[in-house]
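The structure appears right after this line, and notes come after that.
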Amino acid sequence: LVHKEVVGTFNMMTDEEFSDVLSIGNTLPGPIATKMAGYIGYRVGGWLGLINALIATVLPTVILMIVLLGSLNQFKDLNFVKGMTNGVVPIVAVMLAVMIWDFLKKSEKSLGRGIGGIILVASFVAMIVLEIHPGLVIGVLLALALFLPIKSGGNTK
């Protein structure tokens, strides 16, 4: 949703810039949407834009969480509520799969299929098979990124 609005509707940044912001947001602790909103708000409107974006991102969520969790707690034992909460799991799985597919396509453009595939397999083995903490894997990959040849998409700042 953020990508559609920032890149598609308002043209605040390019696909590559958005991917960079999303990648950096994924490496830092905390909610990704809040970090991205803060950066994009700062980029568009300076400090006032940053504060506005953070309030606009956090405040509605806090209010809705308080209201919805209070309501959900009252009805948590009803079958249709259990079904709704169980229905969220496949939706999140599909959203994550779409995000992974987008990242794979973009990594193929910037790194090539071979290096991107090696990084994917090595990360999977490190986290799933060897049970290395994802933060360590991300740190190693960030350090490795300093030495990998990346094909430029036109924007070289």
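The values are calculated or read from the model by the stated rules, or taken from the named source; none is laboratory data. Predicted, not measured: the structure shown is a model, and the values here were computed from it. Heads up, the Cβs are rebuilt from the backbone with ideal geometry, glycines too, and the neighbour counts pull from every protein chain shown. These accessible areas exclude ligands, DNA and RNA; they are computed on the full protein's heavy atoms, side chains included. Shrake-Rupley method; radii C 1.70, N 1.55, O 1.52, S 1.80 Å.
Here are the numbers:
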{"quantity": "Of residues in the stretch 38-60 being open to solvent by 80 Å² or more (accessible area, probe 1.4 Å) and of a type in the set (Val, Ile, Thr), the one farthest from Leu28 (Cα to Cα)", "calculated": "Val44"}
{"quantity": "Some residue of the stretch 90-106 being at pLDDT below 90 and at positive phi", "calculated": "no"}
{"quantity": "Matching residues, the stretch 79-91, being open to solvent by 70 Å² or more (accessible area, probe 1.4 Å) and of a type in the set (A, V, I, L, M)", "calculated": "Met84, Val88, Val89, Ile91"}
{"quantity": "Tally of residues being in contact (Cβ under 8 Å) with a residue 24 or more places away in the chain and within 15 Å of Arg43 (Cα to Cα) across the stretch 4-18", "calculated": "5"}
{"quantity": "Scan of the stretch 126-143 for residues that are hydrophobic (A, V, I, L, M, F, W, C), surrounded by 12 or more Cβ atoms within 10 Å (Cβ to Cβ) and assigned to a helix (DSSP H, G or I), ordered by number", "calculated": "Ala126, Met127, Val137, Ile138, Val140, Leu141, Leu142"}
{"quantity": "Single unsatisfied condition, Lys76 versus (1) within 27 Å of Gly30 (Cβ to Cβ); (2) open to solvent by 100 Å² or more (accessible area, probe 1.4 Å); (3) not aliphatic (A, V, I, L, M)", "calculated": "(1)"}
{"quantity": "Residue among Leu28, Leu22, Leu54 that is aliphatic (A, V, I, L, M), within 20 Å of the chain's Cα centre (by Cα) and modelled with pLDDT under 85", "calculated": "Leu28"}
